[in-house]
1. Any idea how many residues of region 211-244 are farther than 18 Å from Asn143 by Cα, within 18 Å of the chain's Cα centre (by Cα) and in a helix (DSSP H, G or I)?
2. Among the residues of region 272-293, what is the count of those that are closer than 20 Å to Gln122 by Cβ and either among the charged types (D, E, K, R) or open to solvent by less than 60 Å² (accessible area, probe 1.4 Å) (or both)?
3. Which of the residues spanning region 23-45 are part of a helix (DSSP H, G or I), open to solvent by 40 Å² or more (accessible area, probe 1.4 Å) and without any contact (Cβ under 8 Å) to a residue 40 or more places away in the chain?
4. So Val217 passes all but one of these: (1) open to solvent by less than 10 Å² (accessible area, probe 1.4 Å); (2) within 13 Å of the ligand (Cβ to nearest atom). Which condition number does it fail?
5. Inspect all residues belonging to region 158-169 and state whether any of them is within 22 Å of Lys187 (Cα to Cα) and not basic (Lys, Arg).
6. When region 115-155 is examined, which residues are found to be within 16 Å of the ligand (Cβ to nearest atom) and open to solvent by 20 Å² or more (accessible area, probe 1.4 Å)?
7. Condition first: polar (S, T, N, Q) and over 23 Å from Ala32 (Cα atoms). Can you find one or more residues in region 216-224 that meet it?
8. Which numbered condition trips up Gln61, out of (1) open to solvent by 20 Å² or more (accessible area, probe 1.4 Å); (2) free of Cβ contacts under 8 Å to residues at least 40 places away in the same chain?
Amino acid sequence: VAMAAAMLASSAYAADMTVGFSQIGSESGWRAAETSVTKSEAKKRGVDLKFADAQQKQENQIKAIRTFIAQGVDAILVAPVVATGWDAVLKEAKEAEIPVVLLDRQIDAPDSLYLTAVTSDQVHEGKVAGDWLVKTVGSKACNVVELQGTTGSSPAINRKKGFEQALAGHDNVKIVKSQTGDFTRTKGKEVMESFIKSSNGGKDICALYAHNDDMAVGAIQAIKEAGLKPGTDILVVSIDAVPDIFQAMAKGEANATVELTPNMAGPAFDALEKYKKDKAAPAKWIQTESKLYTQADDPMKVYEEKKGLGY
Ligand code: GYE
């Protein structure tokens with residue numbers, strides 16, 4: 001009995017690493033899944049995770065990082081809401097010899113200020129979305145409206161860039177309106193309503209490109225309320241591959257999405273564990289996969305699979 005108790009105690013004590021996580025908030029279904037996956041990955045590995053929700057504000061993230069430094073955590077995870085303004089606080093972490101790992105977004109700062117960044121190739125995501133649209137519309141004239149992600153965030157900048165790369169050379173497909181919907185359903189619906197109002201009741205809109213599925217889901221509501229058919233009158237292509245976009249696809253209301261894994265923490269903890277053990281510095285960018293899904297991919301089957309993955 002004593003042996004078992006000792007073993008239990010030791011396994012309970014397995015928290016050989018305390019990690020602070022500065023999360024942006026829960027603006028989208030994908031972000032909420034990233035949080036739940038991060039918490040379960042930490043639990044699985046015996047990591048003591050200190051979680052801070054910034055409610056979308058960079059100043060709250062900076063405060064949280066300073067608190068983690070004061071607490072003397074072993075490492076810090078940050079999903080940086082915008083790409084700029086991180087140098088000072090990351091220098092403080094470096095001086096405290098606390099490694100920082102970026103999750104799902106990049107920053108404009110010297111890469112000496114962080115151990116690694118675990119993100120998708122967001123330019124590629126935008127390109128995959130744009131290539132799908134160009135292929136789908138062929139030589140037909142197609143006016144596209146674009147719902148951008150959070151202004152100044154790396155995904156908003158890069159997903160726009162990649163989409164425009166895909167449209168280059170296909171003058172029949174062009175972005176006629178583009179505005180941020182801040183990655184949320186509410187804002188996505190609001191902005192789509194304004195796009196519809198200023199486009200002959202939406203009749204002049206051929207397609208919507210949304211930088212994430214949550215804005216697309218909000219926009220689909222607006223399209224339906226305007227008496228139009230999303231997925232046919234207005235094609236809908238977006239990014240994340242959250243469960244709800246597959247439900248929309250199954251109803252013919254969305255057409256394509258580019259998958260983003262919510263499991264950025266797994267590779268992040270792997271890199272940190274290696275670094276802690278033998279100071280092995282990982283590559284500065286650990287890239288996650290991007291896969292296109294369309295209505296041809298049995299959407300309700302994918303929906304069921306996704307429901308088990310932290311969503
Ligand atoms: O696409 C969106 C979330 O940073 C890539 O942030 C991530 C994006 C993701 O709000 O759903």
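1. Number of matching residues: 7.
2. Number of matching residues: 8.
3. Hits for region 23-45 are Lys39, Lys43, Lys44.
4. Of everything listed in (1) open to solvent by less than 10 Å² (accessible area, probe 1.4 Å); (2) within 13 Å of the ligand (Cβ to nearest atom), Val217 misses just condition (1).
5. yes
6. Within region 115-155, Asp121, Val123, His124, Lys127, Val128, Gln148, Thr151, Gly152 meet the criteria.
7. No, region 216-224 contains no residue that is polar (S, T, N, Q) and over 23 Å from Ala32 (Cα atoms).
8. Exception for Gln61: condition (1).
The values are calculated or read from the model by the stated rules, or taken from the named source; none is laboratory data. Since this is a predicted model, take the numbers as computed values, not measurements. Note: ideal-geometry Cβ built from the backbone for every residue, glycine included; neighbour counts use all protein chains shown. Areas reflect the complete protein model, heavy atoms only, side chains present, ligands, DNA and RNA absent. Shrake-Rupley method; radii C 1.70, N 1.55, O 1.52, S 1.80 Å.
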